[in-house]
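The values are calculated or read from the model by the stated rules, or taken from the named source; none is laboratory data. Being a predicted model, the structure only gives us computed values, none of them experimental. So basically every Cβ, Gly included, is an ideal-geometry build from the backbone, and we count neighbours across all protein chains shown. Heavy atoms of the whole protein, side chains included, go into the accessibility calculation; ligands, DNA and RNA do not. Shrake-Rupley method; radii C 1.70, N 1.55, O 1.52, S 1.80 Å.
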Amino acid sequence: MKEVYNSETFRKSGHELVNLLADHLAAAQQGSIPVLPWKTPNRQVKFWEQYDLEDGNATTLFKDIIEHSIALNHPRYAGHQISPAAPVTALASLVAAFMNNGMGVYEMGPASTAIEKVVIKFFAEAIAYEAGADGFMTSGGTLANLTALLAARSVHAHTDVWHAGHAGQKLAIMVSAEAHYCVDRAARIMGFGEEGILKIETNERFQMQTDQLDAQFEAASKKGLQVIAIVGSACTTSTGSYDDLEAIADFAAQRGIWFHVDGAHGGAAIFSEKYKSLTSGIHRADSVVIDCHKMLMTPAIATALVFKNSQNAYKTFNQKAQYLWKEAAEEEWYNLAKRTFECTKEMMSIKFFCLMQLYGKQGFADFVERLYDLGKTFARLIKKRPQLELATEPECNIVCFRLYNPELDVVENNRINSNIRQKIIESGEFYIVQTTLNNIVYLRTTLMNPFTTETDLENLLLMVND
Ligand SMILES: *Cc1c(COP(=O)(O)O)cnc(C)c1O
């Protein structure tokens, strides 16, 4: 054990590791390594099954892991919605991992618990919530959406769900057909079933058709369903479309139901003067989810869940665990596990707080604006090429398009675009993904790297259409 916890060994490998990561950052930024060193899953498993760290040096292992990983710092990374972590936040993560404060109760994370409160206040102010808002951080947008909807259920079900369940009530939520799949999952986990997920059709820009809300609500009520909440997407995952949050807020207020905003990706626009109008109405939501690891430069996984009314932040888990909390009935804000799914939780607040301290709100605004602007640039390049077709005009940094040959049927066009994507990612030149909208396969890019240039994007289009 002495060797495992040896401070000098740690010092030495720590310095080596930082050198390795800094070299990787420089190489990725220069584009001198592949974005994704492609290997099939089976070959990847073979490699690691046969792996043998002969020299007993952790640095060798780290080097091999880095070389087999996708490089988010590469300017030609334009795939899923995770940010390249600001390097200093990786150092903050090291502090979090090293100190390993468990966060469940105050003593198990005095600094990081208090910092979490400061971080949530920062989000609440940017949302433009009035005093009385509160919340916490949790492990990902998926879990945060479920947590918020569980709070909505305890507030709006006719029974005291925690003690009595909701047998006899057919509860439902309303959500756009383009919402992230985790909302559907949350409703099913809560036992609402297929019937309890009212999917509202989207318009040609993939935004919820809010003029259908009344009719859908009434049809559901006729069937005996009790709608407890409506979820607005800010923005959707596939196409980056922002729902009309003002219209949804009006509807929720009129019907007396919970209004939740899934801003996992695009909620970050609240920090930008230029783009915050996309989220207009967000301050009227009962709860808002924003991922720090998506548009806010923070390592995975760190999510803010903010409630307009602080009391609601305690509603998800009305549970007594006397051995942890002396007065379970008392709402001690500083014993965070009373409100989160997690018992032990990572010290995630310190990574985001580090960016707040170093770069302030402007740092987040710059990141969002750089990437949303780049989305517009990319759309302009696509529109210049008649063989290419945009799925919709992008509102943010998510841009979907395809190579379209009108002489071929949809199946053929789909096959061609899927093949293009596979060829591109195996080449290691770019990383992009794909999505299917109305049965049409599109190439999907999320411009996540602030160093991606117009020339990079031109080169990507050359690869698509060579
Ligand atoms: C990414 C995303 C999620 C899921 O968040 P995770 O942090 O990956 O769990 C939920 N909703 C939307 C709109 C997203 O873009």
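Here residue 406 clears all of (1) open to solvent by less than 30 Å² (accessible area, probe 1.4 Å); (2) farther than 21 Å from residue 295 by Cβ; (3) without any contact (Cβ under 8 Å) to a residue 24 or more places away in the chain except the condition numbered (1).
I'd like the full set of residues that are open to solvent by 80 Å² or more (accessible area, probe 1.4 Å) and of a type in the set (A, V, I, L, M, F, W, C), limited to the stretch 43-102. Walk me through it before giving the result.
Taking the stretch 43-102 and keeping what is open to solvent by 80 Å² or more (accessible area, probe 1.4 Å), we get 43, 46, 48-50, 52, 54-55, 63, 67, 80, 91, 94, 98-100.
Within the stretch 43-102, 48, 91, 94, 98, 99 qualify.
The residue list 274, 294 contains one member that is open to solvent by 10 Å² or more (accessible area, probe 1.4 Å), within 25 Å of residue 435 (Cβ to Cβ) and either within 11 Å of the ligand (Cβ to nearest atom) or outside any helix (DSSP H, G or I) (or both), which is 294. The residue of the stretch 165-179 that is farthest from the ligand (Cβ to nearest atom), among those that are within 17 Å of residue 259 (Cβ to Cβ) and either not assigned by TED's automatic domain parsing to the domain that holds residue 287 or not β-branched (Val, Ile, Thr) (or both), is 171. Among the candidates 401, 430, 451, the residue that is outside the structural domain of residue 241 (by TED's automatic domain parsing), open to solvent by 70 Å² or more (accessible area, probe 1.4 Å) and aromatic (Phe, Trp, Tyr) is uniquely 451.
Could you grab me the full set of residues in the stretch 245-270 that are within 16 Å of the ligand (Cβ to nearest atom) and not in a helix (DSSP H, G or I)? Selection gives 259, 260, 261, 262, 263, 264, 265.
Of the candidates 112, 93, the single residue that is touching a Pro at 6+ places or on another chain (Cβ under 9 Å) and part of a helix (DSSP H, G or I) is 93. In the stretch 226-246, what residues are among the acidic types (Asp, Glu) and either crowded, with 24+ Cβ neighbours inside 10 Å or in contact (Cβ under 8 Å) with a residue 40 or more places away in the chain (or both)? Matches in the stretch 226-246: 243 only.
Consider residue 202 carefully, then state whether it is open to solvent by 10 Å² or more (accessible area, probe 1.4 Å), touching a residue at least 24 places away in the same chain (Cβ under 8 Å), among the hydroxyl-bearing types (Ser, Thr, Tyr) and over 23 Å from residue 317 (Cα atoms). Quick ask: steps written out before the conclusion?
Values: open to solvent by 10 Å² or more (accessible area, probe 1.4 Å): yes; touching a residue at least 24 places away in the same chain (Cβ under 8 Å): yes; among the hydroxyl-bearing types (Ser, Thr, Tyr): yes; over 23 Å from residue 317 (Cα atoms): yes.
The answer is yes for residue 202.
Report yes if some residue within the stretch 272-284 is assigned by TED's automatic domain parsing to the domain that holds residue 133, of a type in the set (A, V, I, L, M, F, W, C) and over 25 Å from residue 399 (Cβ atoms); otherwise report no. Checking the stretch 272-284: not a single residue is assigned by TED's automatic domain parsing to the domain that holds residue 133, of a type in the set (A, V, I, L, M, F, W, C) and over 25 Å from residue 399 (Cβ atoms).
For the stretch 225-240, what are the residues that are more than 10 Å from the ligand (Cβ to nearest atom) and part of a loop (DSSP other than H, G, I, E, B)? Residue satisfying the conditions is 239 alone. Among the residues making up the stretch 421-454, a single one is more than 15 Å from residue 76 (Cβ to Cβ) and part of a helix (DSSP H, G or I): 422.
For the stretch 210-231, the criterion of being farther than 30 Å from residue 390 by Cα, modelled with pLDDT under 95, over 21 Å from the mean Cα position of the chain (by Cα) and small (Gly, Ala, Ser) is satisfied by no residue at all.
Return yes when residue 221 is away from the ligand (no atom under 15 Å from the Cβ) and of a type in the set (Ser, Thr, Tyr) and no when it is not. Yes; evaluated as a whole, the condition is true for this residue. The single condition among (1) within 16 Å of the ligand (Cβ to nearest atom); (2) open to solvent by 10 Å² or more (accessible area, probe 1.4 Å) that residue 216 does not meet is (1). The criterion of at least 2 residues that are in contact with a helix residue (DSSP H, G or I) (Cβ under 7 Å, 6 or more places away or on another chain) and modelled with pLDDT under 95 is met, among helices (runs of 4 or more DSSP H) falling completely within the stretch 119-196, by 141-156, 161-164. If you go through the stretch 346-375 and keep only what is assigned to a helix (DSSP H, G or I) and in contact with a Cys (Cβ under 9 Å, 6 or more places away or on another chain), you end up with 351, 352, 355, 368, 371, 372, 375.
Looking across the stretch 180-199, the residues that are away from the ligand (no atom under 15 Å from the Cβ), touching a Leu at 6+ places or on another chain (Cβ under 9 Å), open to solvent by less than 70 Å² (accessible area, probe 1.4 Å) and not aromatic (Phe, Trp, Tyr) come down to 190, 191, 196, 198.
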